[in-house]
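Here's the structure, in structure tokens; my notes come after.
The values are calculated or read from the model by the stated rules, or taken from the named source; none is laboratory data. It should be emphasised that the depicted structure is a prediction, and the values quoted were computed from it without experimental measurement. Every residue, glycine as well, gets a Cβ built from its backbone with ideal geometry; the counts of neighbours run over all protein chains shown. Ligands, DNA and RNA are excluded from the accessible area calculation, which covers all protein heavy atoms including side chains. Shrake-Rupley method; radii C 1.70, N 1.55, O 1.52, S 1.80 Å.
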Amino acid sequence: MELTKLIGFGVAGNFAGHLEQAGEASDFVNVKVKDAIQPKAIFPFYVPHIENSFLNVFPISHDRIQFPSGADNLQIEPEVCLICDVEYENNKVKALQPCEFAAFNDCSIRRPGARKISEKKNWGSASKGMSPQRITLDKFSSGGELDHYHIASFLRRDGECHAYGLDSPAVEYSYFHETLLNWVTDKMNHQQDEGPAEDISALLKAAHYPEKVIISIGATRYTSFGEQNFLQPGDESVVVVYDARRYNAEQISQMAATGEFTGEGMSLLRQLVVAA
């Protein structure tokens, strides 16, 4: 699968409390939602073929984060991403069919006053991360394989390892399964260019209606360390999506501390932060 052919979107506000910790809640004060736990919007982080836009730069790396010049407030955003087949009808998204999932780092810059969410999400190549270990989805509904997985993240710095995000079951996403897919499909067809959000149907057209899409479905809440500490060159970012039937949180933490991850049932993303 050639990832550069896939369009990339993220879901904003799909884990209770994350936007507040990330300093982004104020971006969405005027966004109307149907219920309190509903995500706020979807945003693009990569759009193939689009002209005259920073979004046409492929941002995903499997092993590094390119530290942006002049930034001092870069944060890991530990997530699950879904790779989905897209079915269209009359240039509208008819259905999304998730086929794989992986650990994802929707790395972000805190940029007060940014006009669009996407302006915090793609500052060039290696500004995002996705594990090379993609896990096949049997189904994306209750009782499916992903229901048993947790998301954990760590920052390794100067020989020490710190938990960055709270160890979180995937099923704790506010919108999940069919609820999430139906909501994303609706946003792809009807989200407008308003406030921090963008017209997604126009971006799909610009991308020549790609057959597959990467959807990062939301970042977990931070630990106190993750909330207060930003990435610097020389750090290593670790995001692991693991089968909680095989491992517990302490075992994963020990693997992160030693840097030695072994065994099946995990999607691992390790990225070295490198200076520009």
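The conditions are (1) over 20 Å from TYR242 (Cβ atoms); (2) in a strand (DSSP E or B), and ARG111 fails exactly one of them. Which is it?
That leaves (2) as the condition not met.
Can you name the number of the only condition in (1) touching a Gly at 6+ places or on another chain (Cβ under 9 Å); (2) under 22 Å from TYR175 (Cβ atoms); (3) open to solvent by less than 30 Å² (accessible area, probe 1.4 Å) that LEU204 fails?
Of (1) touching a Gly at 6+ places or on another chain (Cβ under 9 Å); (2) under 22 Å from TYR175 (Cβ atoms); (3) open to solvent by less than 30 Å² (accessible area, probe 1.4 Å), only one is false for LEU204: (1).
If I ask for residues that are open to solvent by 10 Å² or more (accessible area, probe 1.4 Å), over 20 Å from PRO196 (Cα atoms) and not in a strand (DSSP E or B), which ones from the range 45-72 would you list?
HIS49, GLU51, VAL57, PHE58, HIS62, ASP63, PHE67, PRO68, SER69, GLY70, ALA71, ASP72
Mind telling me which of the residues TYR242, TYR247 ends up being among the hydroxyl-bearing types (Ser, Thr, Tyr) and without any contact (Cβ under 8 Å) to a residue 60 or more places away in the chain?
Exactly one of TYR242, TYR247 is among the hydroxyl-bearing types (Ser, Thr, Tyr) and without any contact (Cβ under 8 Å) to a residue 60 or more places away in the chain, namely TYR247.
How do the pairs read when you match residues in the range 167-196 that are part of a loop (DSSP other than H, G, I, E, B) with residues anywhere that are of a type in the set (A, V, I, L, M) and open to solvent by 20 Å² or more (accessible area, probe 1.4 Å), using Cβ under 8 Å and keeping only pairs 6 or more apart or on different chains?
Final answer for the pair search is SER174/ALA16; SER174/ILE37; TYR175/ILE37; ASP193/ALA202; GLY195/VAL31; PRO196/VAL31; PRO196/ALA114.
Filter the range 73-85 for residues that are part of a strand (DSSP E or B) and modelled with pLDDT of 95 or more; which is nearest to SER153 (Cα to Cα)?
It comes out as PRO78.
With the requirement that a residue be open to solvent by 10 Å² or more (accessible area, probe 1.4 Å), out of contact with any Cys (no Cβ under 9 Å at 6 or more places or on another chain) and over 23 Å from PRO48 (Cβ atoms), what does the range 118-144 give you?
Listed by number, the residues that qualify are GLN133, ILE135, ASP138, LYS139, SER141, SER142, GLY143.
Between a residue in the range 203-232 that is within 30 Å of GLU87 (Cβ to Cβ) and free of Cβ contacts under 8 Å to residues at least 60 places away in the same chain and any residue that is of a type in the set (Gly, Ala, Ser) and assigned to a loop (DSSP other than H, G, I, E, B), which pairs come within a Cβ distance under 8 Å, given they are 6 or more apart or on different chains?
none
What number of residues within the range 7-44 satisfy the criterion of being part of a loop (DSSP other than H, G, I, E, B), at pLDDT 55 or above and open to solvent by less than 10 Å² (accessible area, probe 1.4 Å)?
Final tally of qualifying residues: 3.
Among what's in the range 150-174 and is touching a Gly at 6+ places or on another chain (Cβ under 8 Å) and hydroxyl-bearing (Ser, Thr, Tyr), pick the residue that is farthest from GLU236 (Cα to Cα).
Step by step, filter the range 150-174, then rank; the result is SER174.
Looking at the range 195-210, is at least one residue under 19 Å from VAL57 (Cβ atoms), of a type outside the set (A, V, I, L, M, F, W, C) and in contact with a Leu (Cβ under 9 Å, 6 or more places away or on another chain)?
Looking for residues that are under 19 Å from VAL57 (Cβ atoms), of a type outside the set (A, V, I, L, M, F, W, C) and in contact with a Leu (Cβ under 9 Å, 6 or more places away or on another chain), one finds at least one in the range 195-210, hence yes.
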